[in-house]
Structure formats: structure tokens, C-alpha cells
Amino acid sequence: QVQPVESGGGLVQAGDSLRLSCAASGRTLSRYVVGWFRQAPGKEREFVSTISRSGDQTFYADFVKGRFTISRDNAKNTVYLHMNSLRHKDTADYCCAAAYQTSLATRISLYDYWGQGSQVTVSS
């Protein structure tokens, strides 16, 4: 199995950028589709973005299209979420997760391994 670990969260101002990293211990992350999800206080966890095992396919939630970019470096066993033009509504705990499958996945139930999360707070 693989254990994802997020890093890179913090407190930023609206309009700023931030890069989250999802590193993995255990098995190589390149065997997994990886997704980013977020959960704001009092709200349900929601899908943000996903990337294929090779990195050639990506998919985004509408509310981050054009602002966030997901990428991966399989040599470093790491997936990234580049977040630009951050908004106060982007404030949430961001988690990465790994799915042992071949196609992109947006549903939470398809993911097998989850990280602990990294808090992103955007001040308005």
C-alpha cells in the first residue's frame, strides 16, 4: 500500500499562489491515480482535481479551472497542486488520495489511500 503525505499549506492573502505537495511512502505513487480533495468547515469533502498515473491526463472541478494545475513527478514520487489566484472561498483542508486504477477518478469512494490533509487559509 501507499501512504500519501501532504505539505505546503499555509496562510495567504487573496490573489496569492501556493503549491501543495503530495509525497508518498511505501509503494511508488506512479502506480496510482492521484486526486486532490478539500473540505471547508461545516461542508462536505469535495473533489478538486485528479491526474493519471503517467501524468498525461488531468481533470478539474469547475470552480478551480484556469486557476489550479495538477502535476506529478514520478521520479520524485510526488504529485503537486499549483494554486493561483486564491480566493477566500478556497479556504479548506486539502487532502490528496491515491486510487489503484487506470482511469481518472472524481468520486471519493474510488480512492483507497488518503493523506492527513494540509490546511490552506486565504484571507480576504
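The values are calculated or read from the model by the stated rules, or taken from the named source; none is laboratory data. All values reported here derive from a predicted model rather than from experimental measurement. Heads up, the Cβs are rebuilt from the backbone with ideal geometry, glycines too, and the neighbour counts pull from every protein chain shown. These accessible areas exclude ligands, DNA and RNA; they are computed on the full protein's heavy atoms, side chains included. Shrake-Rupley method; radii C 1.70, N 1.55, O 1.52, S 1.80 Å.
At a Cα cut-off below 22 Å, give the lysines reachable from LYS43, other chains included and same-chain residues fewer than 8 away excluded.
LYS65, LYS89
Could you please report the charge total around GLN119, scoring K, R as +1 and D, E as -1 over all other residues with beta-carbon less than 12 angstrom from its beta-carbon? Can you show the working numbers first?
Details: positive: ARG38; negative: GLU6, ASP90, ASP93.
Within the 12 Å Cβ shell, the charges total -2.
On average, how much area does the Cα convex hull of the range 70-110 cover when viewed from any direction, in nm²?
On the way: hull surface 16.3 nm².
Projected area, direction-averaged: 4.1 nm².
Got a number for carbon plus sulfur as a percent of the chain's accessible area, 1.4 Å probe?
Working: 2870 of 6360 Å².
The C+S portion of the solvent-accessible surface of the chain is 45 percent.
Using a 1.4 Å probe, what is the accessible area per residue for the chain, in Å²?
Values: 6360 Å² over 124 residues.
It amounts to 51 Å² per residue over the chain.
Given the Cα atoms of the chain, and with Rh set as the inverse mean 1/r over their pairs in the Kirkwood sense, what is Rg to Rh to two decimals? Before the final figure, lay out each step's value.
Numbers: Rg = 13.3 Å, Rh = 14.1 Å.
Dividing the radius of gyration by the Kirkwood radius yields 0.94.
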